[in-house]
1. Extending each Cα 7 Å along its Cβ direction at residue 35 and residue 47, get the distance between those two points in nm, one decimal.
2. Quick check: at a probe of 1.4 Å, how many percent of the accessible area of the chain sits on carbon and sulfur atoms?
3. Only Lys, Arg, Asp and Glu count, each charged at its Cβ (+1, +1, -1, -1), so figure out the dipole size of the chain about its Cα centre, rounded to 20 debye.
4. Beyond 17 Å, how much of the Cα-Cα pair distribution for the chain remains, as a whole percent?
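The values are calculated or read from the model by the stated rules, or taken from the named source; none is laboratory data. All of these numbers come straight from a predicted model, not from anything done at the bench. Here the Cβ positions follow ideal geometry from the backbone for every residue, glycine too, while neighbour counts run over all protein chains shown. Only protein heavy atoms, including side chains, enter the accessible area calculation; ligands, DNA and RNA are left aside. Shrake-Rupley method; radii C 1.70, N 1.55, O 1.52, S 1.80 Å.
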Amino acid sequence: MARTGLSAWAVTGGVLALANTGGLVSELAGGGSGSPVFWPVGRGVVSCVESVRVLRRRM
């Protein structure tokens, strides 16, 4: 049961990382200024990817 919950969180983190990455890339590709508002999104992407990597390694 606990393994199912962990897997669900890992998948959710992966989906959120993909969505954040897409938003960040489209902002930068669209000529965005790279304003400081998007830096937390970038950090969120990195933390989600790392969380998924760590959780997958534990499973």
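1. The two pseudo-label positions are separated by 2.2 nm.
2. Roughly 69 percent, rounded to a whole number.
3. 400
4. 43
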